[in-house]
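Peer 1: Quick one: structure below, then a few questions.
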Amino acid sequence: MVCLSGGKDSYTLLDMLLHLQKVAPIDFSLVAVNLDQKQPGFPKHVLPAYLDTLPVDYRIIEEDTYSIVKDKIPEGATTCGLCSRLRRGILYRVADELGATKIALGHHADDLLETLLLNLFHGGSIKSMPAKLHADNGRNIVIRPLAYCREKDITIYSQMQGFPIIPCDLCGSQPNLQRQNMKQMIAQWDAQDPSRVASMLTAMGNVKPSHLLDKSLYDFQDNQRIAGSTDDELGLPATLSGIPVVCSAEV
C-alpha cells in the first residue's frame, strides 16, 4: 500500500516503486491510497485524474479528520501531532482491509535527520524514523523506501517529472514549526559542508551503546551490552545498521 498525499515525496515514491515493479528480482503488487481529509479547497479531482494515467490500482479514502483537528486543537497550536495520529490509524485500518503486507511512506533522509534533531533538542531522546518499522499493533509493517534520498534530489526529480503537486493547507502551512527550524538548520549545514549531513546519516547506523548513558542498553558496571537489546530498541533503521550512508546530489 503506497500512501499518496499529493506531495512531491509521495509522487516520487510511487514512481520509484512502479519502476522497481518492472525491474526488481521479486514480484509484488501495488495499490495507491490517498486519504481525503476534507480540507477546504482540496482539489479532489487532481489525484484520480493522475492515477488514471498509471498502471496501478488506487483507493481514495474520505475521512473528515480536518474538522476533528480544528475542533480539538486551539487556534495557533500545532496540529501535526493529532493529525498524524488520526491519519496513521486510518491508514492502518485500510491496510488491513486491503490485505496489504507493507505500508510505504514517502519520508526521506532529511525527514529522518529532522526527527533525530527534534527528539534530541525537544524530546530528550535519541531516535528517528526507521526505514522498516513493525507497528505496535503487531500486524502492519511500515517501510520508507526513500530513507536514503535527499529532499533536494526529490525536489529536482519531481520538477522534471511534472507531478501535479497538491499543497498541504493544514499542518504543512503552519508558521513557526520546530520541524521547519530543524530543516533550516540542516540546510545551513549542508551549504557550509555537505559532508556533515552525510556523516549524520551514517551515524544513525553506527551507534555505540557503551559510549552513551542508557543503562537499559548497556551494563556499565560489568562492561557488557544488555542481553536482548537490539538496534530496533535504539530506533534504528534495520537497513542502516553498520552500513555507511552517503547521500548527495552528485551520487
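Peer 1: Among the aspartates and glutamates, which fall within straight-line cross-link reach of LYS152, defined as a Cα-Cα distance under 16 Å, with same-chain neighbours fewer than 8 residues apart omitted?
Peer 2: The qualifying aspartates and glutamates are ASP9, ASP110, ASP111, GLU114, ASP190, ASP193, GLU250.
Peer 1: Among MET185, MET204, MET129, which one shows the biggest mean-square fluctuation in a GNM of the chain, springs joining Cα atoms closer than 10 Å?
Peer 2: MET185
Peer 1: Take the residue pairs LYS132/LYS183; LYS132/LYS208; LYS102/LYS127; LYS183/LYS215 and return only those whose Cα atoms are more than 28 Å apart.
Peer 2: LYS183/LYS215
Peer 1: For the chain, what does the helix formula give at 222 nm: sum of -39500 (n - 2.57) over DSSP H segments with n ≥ 4, over the residue count, nearest 500 deg cm²/dmol?
Peer 2: -11500 deg cm²/dmol
Peer 1: Separate question: Which whole-number percentage describes the relative contact order of the range 2-176, with Cα contacts under 8 Å and a sequence gap of 6 or more?
Peer 2: Once divided by the residue count of the range 2-176, the mean separation gives 27 percent.
Peer 1: Out of residues 5 or more away from TYR58 or on other chains, whose amide H comes under 5 Å of its own, with H placed 1.01 Å from N in the peptide plane?
Peer 2: Answer set, sorted by chain and number: ALA32.
Peer 1: Still on this model: For the range 2-176, what is the percent of antiparallel DSSP beta bridges, rounded to the nearest 5?
Peer 2: 20 percent
Peer 1: Can you tell me which of GLN224, GLN39, GLN161 moves the most in a GNM of the chain? Springs connect C-alpha atoms under 10 Å apart.
Peer 2: Greatest mean-square fluctuation among the candidates belongs to GLN224.
Peer 1: Report, in degrees rounded to the nearest 10, the 0 to 90 angle that the Cα long axis of helix 194-203 makes with the longest principal axis of the chain.
Peer 2: That helix lies at roughly 70 degrees to the long axis.
Peer 1: On C-alpha positions alone, give me the angle between the axis of helix 178-192 and the longest principal axis of the chain, in degrees, nearest 10.
Peer 2: Relative to the chain, helix 178-192 is tipped by roughly 70 degrees.
Peer 1: Any idea what angle helix 8-23 forms with the longest principal axis of the chain, computed on alpha-carbon atoms, 0 to 90 degrees, nearest 10?
Peer 2: Computed tilt is about 90 degrees.
Peer 1: Which log10 I(q)/I(0) values does the range 2-176 give at q = 0.11, 0.19 Å⁻¹ under the Debye formula, counting every alpha carbon as one identical point scatterer?
Peer 2: Values, matching the q order: -0.50, -1.63.
Peer 1: Then there's this: Pick from LYS132, LYS72, LYS102: which residue has the top mean-square fluctuation in a GNM of the chain where Cα pairs under 10 Å get a spring?
Peer 2: LYS72
Read-outs throughout are calculated quantities, based only on the coordinates presented, and are distinct from any laboratory measurement. Keep in mind that this is a model prediction, so the values were computed, not measured.
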